[in-house]
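Report on one structure; see the data block that follows.
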Amino acid sequence: MQASPYGLESLWAQGDLVTKGVACLLLALSVASWYVIVTKALQLWRFRRAAQAAGHEFWDTTTLAEGVATLGRGNPFADIAHGGVEAMRHHQAHKGHLHDQLSVSDWVTLSLRQAIDEASARLQAGMAVLASVGSTAPFVGLFGTVWGIYHALVAIGTSGQSSIDKVAGPVGEALIMTALGLAVAIPATFGYNALVRGNKATIAKLNKFGFDLHALFVTGARSGNAGDAAKPARLAALKEAG
């Protein structure tokens, strides 16, 4: 079966080093963007499961150790809980040094804020790749199109043939580069917007969980309307942290 004189195969066969380099660059950008989209989506899914545990299961336990165990490992909610516990222990162990400078509320606030900031940085990691791909891929494809049209017009001028069948093929193949650039940029842009919304929701839950932990460590009660089932966990948390 004879290969079609138009399309990607013809573009690759007839393209020079610049054209092939642009095509390889677009392929690399596409692979990088899809890798970030998939990995960050899985990360958000794991964090949402941890957020559910932090919102319900954590506060239904009888001890802080059991509560932290419900959060699992490798998620920011568990890191925040560990950070709060270590802050309370450190403050109690250095009463003579810290009490004169920082109150327990300020010390716990700083520790929890640091844990939340680290979690936010983890969520934002890789987002710059999607933003860069979404903004630059169309122009990379456009550069390939301009370069391809230039060489097509030079070849047509050299041969002296300007009929539609001689022009449509080379110009159409050059325009494929623009389509490839859009095919790379559009998923990256949609993925970036979706992940940004998911990250904002997760960060809001992190701040809420950190606020509840701060109230627990400082006042002995969770902020808001907490049920009686959470009281043993609060008292045990204070006792263990102290």
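The values are calculated or read from the model by the stated rules, or taken from the named source; none is laboratory data. Computed from a prediction, not measured in an experiment: that's the story for all the values here. Please note: Cβ atoms are built from the backbone with ideal geometry, for glycine as well, and neighbour counts cover all protein chains shown.
Any idea which residue in the stretch 207-226 is modelled with the highest pLDDT, counting only those that are in a loop (DSSP other than H, G, I, E, B) and polar (S, T, N, Q)?
SER223
Restricting the search to the stretch 121-155, which residues are more than 30 Å from LYS200 (Cα to Cα) and either of a type outside the set (Gly, Ala, Ser) or free of Cβ contacts under 8 Å to residues at least 12 places away in the same chain (or both)?
VAL140, LEU142, PHE143, THR145, VAL146, TRP147, ILE149, TYR150, HIS151, LEU153, VAL154
Just the residues that are of a type outside the set (Val, Ile, Thr), under 14 Å from GLY191 (Cβ atoms) and in a helix (DSSP H, G or I), please, taken from the stretch 125-155. Don't jump to the end; show me each part of the working.
Of all residues in the stretch 125-155, those of a type outside the set (Val, Ile, Thr) come to 125-128, 130-132, 134-135, 137-139, 141-144, 147-148, 150-153, 155.
Checking which are under 14 Å from GLY191 (Cβ atoms) leaves us with 126-128, 130-132, 134-135, 137.
Hits for the stretch 125-155 are MET127, ALA128, LEU130, ALA131, SER132, GLY134, SER135, ALA137.
Here are some conditions: (1) at pLDDT 70 or above; (2) within 24 Å of the chain's Cα centre (by Cα). GLY74 meets all but one. Which one does it not meet?
Just one mismatch for GLY74, condition (1).
Which one of these is of a type in the set (Val, Ile, Thr), more than 30 Å from ARG46 (Cβ to Cβ) and at pLDDT 80 or above: THR158, THR145, THR202? Explain how you work it out, then say what you get.
On the way: THR158 fails: at pLDDT 80 or above; THR202 fails: more than 30 Å from ARG46 (Cβ to Cβ).
THR145 is the lone residue from the list that is of a type in the set (Val, Ile, Thr), more than 30 Å from ARG46 (Cβ to Cβ) and at pLDDT 80 or above.
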